[in-house]
Structures are given as structure tokens and as C-alpha cells.
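A short write-up of the structure that comes next.
The values are calculated or read from the model by the stated rules, or taken from the named source; none is laboratory data. Owing to the predicted nature of the structure, the values given are computational and were not obtained by experimental measurement. Because the Cβ atoms are built from the backbone with ideal geometry, glycine has one as well, and the counts that use them run over all protein chains shown. Keep in mind that these areas ignore ligands, DNA and RNA; they rest on the heavy atoms of the full protein, side chains included. Shrake-Rupley method; radii C 1.70, N 1.55, O 1.52, S 1.80 Å.
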Amino acid sequence: MTRLSRRRPIRLGLCVASACATLVALLAQAPARASVDPIEPASLARGADPQVAYLVHDVIRDGDLRIPVSRNGMHAALWEVAGGYVVRDVNVAPGGRSRLTFVSDTGERREIARSQGWLTVAVSADGRRVAYQQILSPTGELTVVTVEKPRSGRVLARHRFRLAVLVALDSERVLVGMRTNWRDPASVWWHYRSGRTQRWYDQAAVMADIPHNRVVFDWQTAGEFCTRVAALSHPRHTLWRSCRMMPHQWSPDGTRALATHAYFDARGTTRWWVIGGSSSERELAVAGRLDWHAVWEDDAHFLTLAQGEDGMAAIVRCDLTGSCERASRTWQMPLDPDLYYTSPPVTLAQR
């Protein structure tokens, strides 16, 4: 597989300027060693296509596979699962709905669920189970979490929760973060085979990587956007905490993680950092008009979407030296200073 055959290094320097006041404040807080030149997709050399599944317009591309996908609103997320893919569509109109659809690798489609409002999804590491959270009440306080096998549609269990957020699942359990009237935070394991729920820890989990033994807690005592990272097996042991940066995804071998701002009031973000798998030490950064979503392609490369100052947008691949290349064609997207970033018609599969 060809990798970065014509590397264009991202040199240390000042980050891209923006009219957004939040961006200026964030750049002022960032350490100098994290500042990099902004990515301009049109000027990058063209590399190999992504080695993860991705949607372009209404077609899933996965290696040589091309699988048409029907649309119900906007394609908002894609997951690889056993036997195919799960697609989340969102209708952005007022009172819009979310829809989950299973698409087999031979093109058959089956609707999994619909919900008034957002559908939260978690996929087991082996891809054989998917959990999804549907809103039941107008206020969003009451939800139901369902675990099923996406390939067959067989429902394994359902459970109602109040003020809960689906975080992760494995072959036996579902992890949810809970609050009661925004007090009494907790993380709860739902043992969905037996139906038992177990209060596990007195902070609300917001993210977890079960295979790599990592959990991210909402650290509300320090600020609204603060998080604490711990080992899943020892939740009291803090690996690191931050009110500026939040981990997004650990690498396949768990030695590194991708992180971005804990909060940035815009459609996109200004940078992605590669940090240590057990610490917040920043190894490198890429900057520009970037998508909020980024994925590891393998242990040494990650993918995100980027838009240049000329409006040209593309999938971008970067390696652990900070060198980046294009992993797709470019699309001319509108520049809107109020939005900061406009995504190309691409959705990268989550892992």
C-alpha cells in the first residue's frame, strides 16, 4: 500500500487566522510547539485512497466495493460492523428525526431504528453487536437503549434509562453515564444478558475504549468542558485531565490517541493533536479548517477532512511526523466565516 509517496512537511509556524474570537483565544492559550501551518488540501500531493470505509455522497466505498445507500436527510455517521455497515442519517429540519440503517456488504438494506432527535450509537470491538439510544420523552430525559446484532436484526435486550448517555458496549455489558437533575453523577454498567444494572463509579463517563482499557469522565467540578482520563480497570487512577483538550480515539495498538479542543464554538475545529496513549503529552499537531471527526487508519496514519482558505476540501491523511497528503479528490465548498468550516460530501467510518 502506497503511503505518503510525495511528502509535504507541515512546517512549524503560526496557525491560520480566523475572524472567530474563540479561535483567537484558543490559539493564545496553545503552547508554541503545537502551532503549525494550516492544511491547504489543494496544495497537498495525492496519496492512496483511505484504507477505511467511507461514504461519498450516497455510496459506501470500501476497497473495491461500491455500495449505494439511500438517504433520509444527511449522512451523519458510518460504522463498520460484522457483515456490513451501519449508517446514521439526520434530518436537520425542526422536529427532524434520526435513522439507523444496516447496509450489508452485498447491498441489502434494513432499517434498524428511528428516533425523534439524536440517535446515539456504540459498536462492540468485534462489530457483532450494536447498541443505540432512542429518545422517548419530549424533554429527552427518558431514553431506551437497545442491543442487537446488526447483521440479523436480532434484538438481545432493551432497557429504559433516565438522564443517561450511552457510552460503550462489549459482549456482556453496556456502559452509560448518568446524572439526576445534573447532580449525583454516576457511571453504570448494564449487564444486558441478565438485565442487572450496577452503579460502577461516581463520575459520569462520556467516552470509553474498552479494548484499550480507557475511560473519559465528565470532570464537572473543574469546569463545564473539563474531562478526566482514567484506566477502565482502575477508574480512580487519573492518567491525565484537561479543560482544553479531549481525546477522541485511540490508535489500534493503544499507544497514541487523537485529541482536539474540549470546546470550540464552530462547525469544525482548528487542530488535531496526536498525544500519548496514557498521557496528554502532545507529539504533533495539524491545524486548519478541520472536521470534528478524525479516525486512525492504522497505527501510523490518521484521516480527517479539511478545507483550505480557497474553499477546496478533501480527505487528508497525516503520519506521525506531521506530514500530510490528500486521500481523495477535492471539492469546492462554500466559505462562510460564520461556520468556519464546510465539510465535503464525505463521511469517514468510525471505529
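See the values below:
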read-out: Where only C-alpha atoms are counted, convex hull volume of the stretch 42-132 per residue in Å³; value: 120 Å³
read-out: Cα gyration tensor category, rounded, prolate or oblate, for the stretch 78-202 with a/c compared to 1.5; value: oblate
read-out: Of every Cα-Cα pair in the stretch 231-292, the percent that sits beyond 17 Å; value: 41 percent
read-out: Long-range HN-HN contacts of Thr120 with modeled amide H, under 5 Å; value: Gln133
read-out: Spin-label proximity, Arg71 to the stretch 337-351 - amide N less than 20 Å from point 7 Å beyond Cα toward beta carbon; value: 341-350
read-out: Gyration tensor verdict on the stretch 94-149 (Cα atoms; rounded if a/c is under 1.5, prolate if a/b is larger than b/c, oblate otherwise); value: oblate
read-out: Sum of side-chain charges, Phe225 neighbourhood, beta-carbon under 15 Å (Lys, Arg +1; Asp, Glu -1); value: 0
read-out: Net charge dipole size for the chain [Lys, Arg +1 and Asp, Glu -1 on Cβ; Debye, nearest 20]; value: 780 debye
read-out: Signed unit charges on C-beta, dipole axis of the chain, positive-most listed residue Val274, Leu335, Thr143; value: Thr143
read-out: Over the stretch 229-342 - Rg/Rh using Cα atoms and the Kirkwood inverse-distance radius; value: 1.01
read-out: Per residue, in Å², the accessible surface of the chain once ligands and nucleic acids are set aside, probe 1.4 Å; value: 44 Å²
read-out: Phi to ³J(HN,Hα) by Karplus 6.51 cos²θ - 1.76 cosθ + 1.60 over the stretch 150-162, Hz, x for Gly, Pro; value: x, 5, 9, x, 6, 7, 8, 5, 9, 8, 8, 10, 10
read-out: Asp170 paired with Thr238, simple spin-label distance in nm, labels 7 Å along Cα-to-beta-carbon; value: 2.5 nm
read-out: Computed [θ] at 222 nm, deg cm²/dmol, the chain (DSSP H ≥ 4; -39,500 (n - 2.57); rounded to nearest 500); value: -500 deg cm²/dmol
read-out: Listed residues Gln220, Ser187, Val59: farthest to the positive end of the dipole of the chain (Cβ charges); value: Ser187
read-out: Radius 10 Å from Cβ of Ala164, net charge of other residues (Lys, Arg +1; Asp, Glu -1); value: +2
read-out: FRET efficiency estimate (nearest 0.05) - Cβ-Cβ, Thr321 to Glu224, R0 22 angstrom; value: 0.05
read-out: Carbon and sulfur %, accessible surface of the chain computed with the full protein complex present, 1.4 Å; value: 49 percent
read-out: For peptides 302-312, 211-221, sequence by mean Cβ density within 10 Å, most packed first; value: 302-312, 211-221
read-out: Per-q log10 I(q)/I(0), the stretch 159-281, q = 0.11, 0.12, 0.16, 0.22 Å⁻¹ (Debye; single scatterer per alpha-carbon; no solvent); value: -0.37, -0.45, -0.78, -1.32
read-out: Length-normalised contact order for the stretch 150-207 - Cα pairs under 8 Å, 6+ apart - percent; value: 29 percent
read-out: Mean-position separation - Cα centroids, the stretch 324-351 and the stretch 173-210, in angstrom; value: 35 Å
read-out: Label point at Asn213 placed 7 Å out along Cα→Cβ; residues across the stretch 257-291 whose backbone nitrogen lies under 18 Å; value: 257, 276-280
read-out: Calculated P(r) of the chain - Cα pairs past 31 Å, %; value: 34 percent
read-out: Cβ-based net charge around Val81, under 14 Å, with every Lys or Arg adding one and every Asp or Glu removing one; value: +3
read-out: Cα pair count fraction exceeding 15 Å, expressed as % - the stretch 183-243; value: 50 percent
read-out: Karplus 3J(HN,Hα) series, Hz, for the stretch 78-89 with 6.51 cos²θ - 1.76 cosθ + 1.60 (x for Gly, Pro); value: 9, 10, 8, 9, 4, x, x, 8, 10, 10, 9, 10
